[in-house]
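Written out below as structure tokens is the structure these notes cover.
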């Protein structure tokens, strides 16, 4: 495959699906995608060796809690990215998440997110966007109307009550829009009550539900969901086992629910930044700049970890502490937008990721 | 539509009107609210017998040393889960029944500013005691005292990992594999005081974290009371440390206390607090005048929080039409106040959970979002209606005349169109549902 052309419509699939998972808190890339081939890893993170890993390309590995992801790697359906970050170079969760989700190069308090701007460019399909959870993450906020869904055990109100409320809510533009969309949304998410999982099965349950929704013919096509708990300042090993195991089960459930449309699907897993190379004094690691990301799904041409590895020694790091990012997460966003979802280069660099400059070569991340 | 000041007082500053409150506020809405701060109703029965934090914290220390993951999980799923439910029901019950609900909102505001959250599982059972001990007694005092109470509280020290943060060159670090944890130092600067754009850098974060080393907990057997704050000199990073250009000489526990005192009085802190206050009480996008005025009051009164609250009441901007969207917690509490509910139970907690804002479960140390865009989605709009209908079904037998109830309880909140719809409802339950799900009732 060659670099995406500059014409109005780039390549893409007929009915592509994207699930974006934002790991809130700053995922520790050295555990999520351990660079076991780096001879310095043992000295900075001695516990990683004893924990066991699933080898990938000889240099990188997966946590032993992620057998499903390892199987996808074998099938060529998973790609990793390491020493990667947004353009943000400081260590505030909240500013970093703002940059990650706004798609801008600086935290500017943007009111809308890059996935929403992408949806807004295709007004006919804008209603196919869905955010999962009780709020809408910034990445999905903006001009395009997007759906939302969260598990609920509340008894559903009598539809005639909604009929009577509609004209009243008309006086409040924000609420009126939401209620009208909420009623229409029943067609997309109706009948899906879902269930909250326990602490170790949050993503497993939600991704099962998301798979059911995305598999429906009229279901959502671009979905964003949060995963919490990645800010591991203490007991990192324990919590990473818990959360990566839950995520892996979620991936398995998602694939199983998607069935034949798995081949049209891309899952992008990102976090706002990484964590310090050295552990801190409490069995965790503090906020650090460079981290790791994953892309998986039937549409992915995987089996590779993309990294220009900077090394782990103090002199290789930023401020002697953080993994030095050598690639921009927006390249991954742009690749998915252009070559999976079919947006043109102009749409990407002018509207979706304003100011973004395409690199000279691209990663060839997708199957044709 | 512009509601009367009495209605605005109950909805924006209070937790929503209980029957009779709009009448009580009518002659002097500002004075009615000020009296809540002067003479808050004691939390009373709701909070009796919940126990001091040190007892709860010691239970955790017992399973951390020696470290036992099965026992930690047992504690979280057993006694801590029980404690969380009791605390959360008590807190929600106070909000639903309090006759001085501006004070309750003020407690909630500061509790959120200094968030501790059960998203870190061991904190779930402890968060209530933190709010009772570190927040509630200090919300009408000085910001500096509130800040001190918060940062030295055992639950904050556990939540942001300072309890085990050792100075890299301290005797304790040399004897163990412990070291520095900068989590608390960072969040004090970024969230509690200066704000993310408050002019500090990574060196300042590290300096404050170093000064805070040794701020930890006493242990049963070694100290008079286990689970209470204790400064451990042996874990403290000795020497002078520089924060925002000022050097703090070695001084044990007083070194970080001095630094916190300076942070509490910093103009960036005043701006950061003022911005949050204006966003909570004025609008999602408050203008610079509102923020600037609150920041000036903060600095001029040396962070006197009661004066700050009264200054809010004196601002025209705070009496404009109700445009803030109620968060799920606001909505649940105000619905139950409106129908005169006498307390909370597990069912109420389940509803708050379903709507997405269970007590002390904010996603991060930044606390809950405070703007409409974070709280309304198409799906959430439908769930608000579901919840209103569920409350109405339970309350209908106690409300003889829904139209009369709507006007007498909520004052002039509703437009004529809404009152007509309430009066033409097909059943009392539907009438009450319409009142609680009406757009006017979603705003504060």
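The values are calculated or read from the model by the stated rules, or taken from the named source; none is laboratory data. Here the structure is a predicted model, which means the values were calculated and not measured. Here the Cβ is made from the backbone with ideal geometry for all residues, glycine too, and neighbour counts use every protein chain on show.
Among (1) closer than 29 Å to residue A:253 by Cα; (2) within 12 Å of another protein chain (Cβ to nearest Cβ), where does residue A:112 come up short?
Evaluating residue A:112 over (1) closer than 29 Å to residue A:253 by Cα; (2) within 12 Å of another protein chain (Cβ to nearest Cβ) leaves (1) as the failure.
In region B:165-179, which residue that is surrounded by fewer than 24 Cβ atoms within 10 Å (Cβ to Cβ) and under 30 Å from residue A:88 (Cβ atoms) is nearest to the other protein chains (Cβ to nearest Cβ)?
B:179
Here are the criteria: (1) crowded, with 23+ Cβ neighbours inside 10 Å; (2) modelled with pLDDT of 95 or more; (3) within 11 Å of chain A (Cβ to nearest Cβ). Tell me which single one residue B:375 does not satisfy.
Every listed condition holds for residue B:375 apart from (2).
Can you name every residue in region B:335-355 that is in contact (Cβ under 8 Å) with a residue 60 or more places away in the chain and within 14 Å of chain A (Cβ to nearest Cβ)?
Selection gives B:335, B:346, B:348, B:349, B:352.
Can you name the residue in region A:143-170 that is modelled with pLDDT of 90 or more and assigned to a loop (DSSP other than H, G, I, E, B) and, of all such residues, is nearest to the other protein chains (Cβ to nearest Cβ)?
A:170
Does region B:185-197 contain at least one residue that is at pLDDT 95 or above, over 20 Å from residue B:276 (Cα atoms) and either assigned to a helix (DSSP H, G or I) or facing chain A (nearest Cβ under 9 Å) (or both)?
Checking region B:185-197: at least one residue is at pLDDT 95 or above, over 20 Å from residue B:276 (Cα atoms) and either assigned to a helix (DSSP H, G or I) or facing chain A (nearest Cβ under 9 Å) (or both).
Of all residues in region B:403-428, how many are farther than 16 Å from residue B:16 by Cα and either within 7 Å of chain A (Cβ to nearest Cβ) or within 33 Å of the chain's Cα centre (by Cα) (or both)?
Result for region B:403-428: 4.
Quick check: anything in region B:226-235 within 14 Å of chain A (Cβ to nearest Cβ) and under 26 Å from residue B:367 (Cβ atoms)?
Within region B:226-235, none of the residues are within 14 Å of chain A (Cβ to nearest Cβ) and under 26 Å from residue B:367 (Cβ atoms).
So, residue B:138, is that one within 13 Å of the chain's Cα centre (by Cα), more than 14 Å from chain A (Cβ to nearest Cβ) and more than 23 Å from residue B:55 (Cβ to Cβ) or not?
Taking the combined requirement at face value, the residue does not satisfy it.
Could you pull out every one of the strands (runs of 3 or more DSSP E) wholly within region A:36-142 that has 1 or more residues that are surrounded by 24 or more Cβ atoms within 10 Å (Cβ to Cβ)?
A:61-63, A:78-85, A:129-132
Can you tell me which of (1) within 12 Å of chain B (Cβ to nearest Cβ); (2) out of contact with any helix residue (DSSP H, G or I) (no Cβ under 8 Å at 6 or more places or on another chain) is the one residue A:97 doesn't meet?
Unmet for residue A:97, out of (1) within 12 Å of chain B (Cβ to nearest Cβ); (2) out of contact with any helix residue (DSSP H, G or I) (no Cβ under 8 Å at 6 or more places or on another chain): (2).
Give the residues of region A:115-128 that are over 15 Å from residue A:99 (Cα atoms) and more than 11 Å from chain B (Cβ to nearest Cβ), sorted by residue number.
Across region A:115-128, the qualifying residues are A:118, A:119, A:120, A:121, A:122, A:123, A:124, A:125, A:126, A:128.
Any idea which of B:383, B:337, B:279, B:296 is surrounded by 22 or more Cβ atoms within 10 Å (Cβ to Cβ) and at pLDDT 95 or above?
B:337
For region B:33-129, list the helices (runs of 4 or more DSSP H) that sit wholly inside it and hold at least 1 residues that are in contact (Cβ under 8 Å) with a residue 60 or more places away in the chain and out of contact with any strand residue (DSSP E or B) (no Cβ under 6 Å at 6 or more places or on another chain); which are they?
Helices (runs of 4 or more DSSP H) meeting the threshold: B:53-64, B:79-97, B:101-113.
Those residues that are without any contact (Cβ under 8 Å) to a residue 12 or more places away in the chain and over 23 Å from the mean Cα position of the chain (by Cα), I need them from region B:305-320; list them, please.
Listed by number, the list holds a single entry, B:316.
Please verify whether residue A:324 is surrounded by fewer than 21 Cβ atoms within 10 Å (Cβ to Cβ), touching a helix residue (DSSP H, G or I) at 6+ places or on another chain (Cβ under 7 Å) and away from chain B (no Cβ under 14 Å), treating the condition exactly as stated.
Judged against the criteria, residue A:324 is a match.
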